[in-house]
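Please read the structure below before turning to the comments.
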Amino acid sequence: MGNPLCLGWQSGRKDLDSRLVATLRAEEPTTANNLALLYDLPMPVSVESTVLTFEDARRVVEEHAEKISPPSTESVELLVAAGCVLAEEIFADRDIPPFPRSTRDGYAVRSADLARIPATLEVIGEVRAGEKPEKIPAKVEPGQAVSIMTGAQVPTEADAVVMVEYTSRNADQVEISRTITPGENIVPRGAEARQGSRLLGRGVRLNEAAIALSASVGKSRLQVYRKPRVAVLSTGDEIVGLKSIPGRTQIRNSNSYSLAVQVLHAGGQPILLPIAPDQPQRLRELIEQGLQSDLLLMTGGVSMGRYDLVEQVLTELGAEFFFTRAKIQPGKPVVFGRCGARAPARAGAQRQSGTGQKASRKTTYFFGLPGNPVSTMVTFELFVRPMIEALSGQLPRKLAFLHARLKFEIRVKPGLRRFLPAVLSGEFDQSEVELVPWQGSGDIAAVTRANCYIVVPPEREQIAFGEWVSVMMR
Ligand code: AMP
Ligand code: MG
């Protein structure tokens with residue numbers, strides 16, 4: 001904690017104009033102090049560096065996420081609710097199942113009749129799924145059976161269902177070649193849920209199972225949380241939009257798009273801001289715009305380079321930083337903090353309230369993610385996702401890892417927890433995992449070939465072929 005990380009220029013003056021930025025770029029590497037003297041700028045401010053281990057950084061995010069109160073709610077059609085977060089409790093409107101349900105096609109019997117096999121029973125009727133209750137035989141005497149279908153109500157006096165595969169029918173007689181235990185192939189009334197019991201609670205992300213459960217209790221509309229608005233701001237002088245033809249040294253903006261997809265998958269609503277140049281004034285404008293959302297994600301400009309201005313601008317805006325580096329790879333220069341957002345100006349508000357009164361401010365969390373595309377994707381999964389989940393009203397959950405055997409040895413420098421793009425393959429208990437060859441964290445093509453990340457603990461220098469490793473799915 002407390003190492004000066006990068007240097008910039010204090011606010012309280014006009015930000016660097018483009019002429020000056022151009023001049024600075026032409027400069028040989030020089031210290032910020034020299035530049036300040038040269039151009040009569042105020043002296044630089046230092047941004048404190050807080051470097052955390054992966055576990056500590058993740059814990060910090062989780063602690064902040066836990067304190068976030070859920071967003072406002074709205075009522076939507078059942079299918080529109082898919083992927084949303086439930087904001088109400090769902091109760092069973094009746095016992096589930098509402099009758100003792102046969103799980104097989106076969107014969108409803110009294111199990112005691114099959115103590116000795118083969119046994120021949122008299123078939124006294126048939127029950128189909130949805131059979132009218134008055135048509136279901138009220139009595140099944142010893143020595144009798146009822147032909148029954150999957151999903152049909154088992155007559156009261158029968159206590160088991162023999163699968164049709166173990167029977168042989170001859171007119172009104174059925175011969176049964178297997179014994180059976182009481183209750184076999186029957187789900188008793190109310191065994192899945194009792195009438196009035198809670199089936200789903202607030203904070204559940206509605207997948208197909210939760211939608212089906214809601215449908216099963218007759219909910220055609222659901223109360224869900226509104227999705228948080230997540231501003232995405234890509235920074236960098238070399239970054240150009242998709243409609244531009246990039247110059248030889250320019251790079252097309254891909255991070256805004258990978259982030260937008262990840263935001264959608266995590267349950268947020270992405271808002272893509274224009275690309276910010278490495279120029280303090282415009283960067284500041286766009287950061288301030290982004291802080292109006294529920295969360296601001298920035299990429300690029302958080303490394304140690306001379307034009308990495310994101311932290312500097314945030315410092316000038318009075319941001320609080322929880323960490324500015326994590327001991328991981330890819331993704332070391334990852335920043336997490338929060339900053340007051342200026343309340344959007346209301347027409348006439350200034351005149352009414354008079355001068356000198358501070359506009360009310362909301363505080364917005366932000367992440368400064370590294371610009372390298374794979375680092376951006378990995379740091380999103382590790383740190384941003386829990387925040388979006390909390391902002392969307394989801395219950396907190398821990399990161400999940402699988403284990404698989406390593407197909408080829410890994411050698412790395414120790415000190416960082418690594419999340420390396422990899423392919424998990426093999427079936428059943430044959431799962432194995434291998435690294436994808438890559439050119440480092442700028443290699444988007446490599447990560448498209450990966451379906452997971454191998455997690456290398458910071459103390460490991462070498463992991464042998466055949467060892468079990470942790471795998472994070474993507
Ligand atoms: P930075 O974190 O700004 O030092 O950027 C690190 C690397 O990521 C550089 O090679 C950038 O060109 C690249 N990069 C930064 N932002 C983006 C973006 N939005 N899309 C694609 N690549 C980017
Ligand atoms: Mg940059």
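The chain: longest stretch without exposed chymotrypsin sites (Phe, Trp or Tyr not before Pro) (DSSP loop, at most 14 other Cβ within 10 Å), sites themselves excluded? With a cap of 14 other Cβ atoms within 10 Å, the longest stretch comes to 40-400. Simple spin-label estimate for Arg405 and Glu157 gives 5.9 nm between the two label positions (7 Å along the Cα-to-Cβ direction from each Cα). Per-peptide packing, taken as the mean over residues of other Cβ atoms within 10 Å, places 229-239, 71-81 in the sequence 229-239, 71-81 from highest down.
Calculated mean residue ellipticity, 222 nm, the chain: -5500 deg cm²/dmol, from DSSP H runs (n ≥ 4) at -39500 (n - 2.57) each, averaged per residue and rounded to 500. A simple count of charges around Val230, restricted to other residues whose Cβ falls under 13 Å of its Cβ and scoring Lys, Arg +1 and Asp, Glu -1, yields +2.
Could you pull out the GluC sites (Glu not before Pro) across the range 378-420 that fall in loop regions by DSSP (anything but H, G, I, E, B) with no more than 14 other Cβ atoms inside 10 Å?
Values: sites: Glu381, Glu389, Glu409; in loops: Glu409.
Hits after loop and neighbour filter: Glu409.
The antiparallel fraction among DSSP beta bridges confined to the chain stands at about 70%. What does the charge count near Ala129 come to, summing +1 for each Lys or Arg and -1 for each Asp or Glu among other residues with Cβ under 13 Å from its Cβ? With Lys, Arg at +1 and Asp, Glu at -1, the net is +2.
Normalised size of the range 47-91, defined as Cα radius of gyration per 2.2 N^0.38 Å with N residues, equals 1.85.
Restricting the range 66-126 to trypsin sites (Lys or Arg not before Pro) that sit in a DSSP loop and have at most 16 other Cβ atoms within 10 Å of their own Cβ leaves Lys67, Arg94, Arg116. Of the trypsin sites (Lys or Arg not before Pro) found in the range 241-277, the ones in coil according to DSSP and having at most 16 other Cβ atoms within 10 Å of their Cβ are Lys243, Arg248.
Summing charges over neighbours of Met387, with a neighbour being any other residue whose Cβ is under 10 Å away from its Cβ, gives -2 when K and R count +1 and D and E count -1.
Could you tell me which of the pairs Lys67/Lys227; Lys332/Lys413; Lys332/Lys398; Lys219/Lys398; Lys327/Lys398 are separated by over 23 angstrom between their Cα atoms in the structure shown? All intermediate terms of the calculation are to be shown ahead of the outcome.
Numbers: Lys67/Lys227 18 Å; Lys332/Lys413 14 Å; Lys332/Lys398 21 Å; Lys219/Lys398 30 Å; Lys327/Lys398 19 Å.
Going by Cα-Cα distance, Lys219/Lys398 fall outside the 23 Å limit.
Dipole orientation for the chain: of the candidates Ser425, Val187, Ala57, Ala57 has the Cα lying most toward the positive pole (charges on Cβ; Lys, Arg +1; Asp, Glu -1). Taking the inverse of the mean reciprocal distance over all distinct Cα pairs, the Kirkwood hydrodynamic radius of the range 75-212 comes to 16.7 Å.
3J(HN,Hα) along the range 379-395: 5, 4, 4, 6, 10, 6, 3, x, 6, 5, 4, 5, 5, 8, x, 6, 5 Hz, from the Karplus curve 6.51 cos²θ - 1.76 cosθ + 1.60 with θ = phi - 60°, whole Hz, x for Gly and Pro.
Under 1.5 on a/c is rounded, so check that first for the range 391-474, then, if it is not, pick prolate when a/b is larger than b/c and oblate when it is not; a ≥ b ≥ c are the square roots of the alpha carbon gyration tensor eigenvalues. In terms of gyration-tensor shape, rounded.
We did not get these values from a lab; they are worked out from the coordinates using the rules stated. Please read all numbers here as calculations on a predicted model, not as lab measurements. Methodologically, a virtual Cβ is constructed for each residue, glycine included, from the backbone with ideal geometry; neighbour enumeration extends over all protein chains shown.
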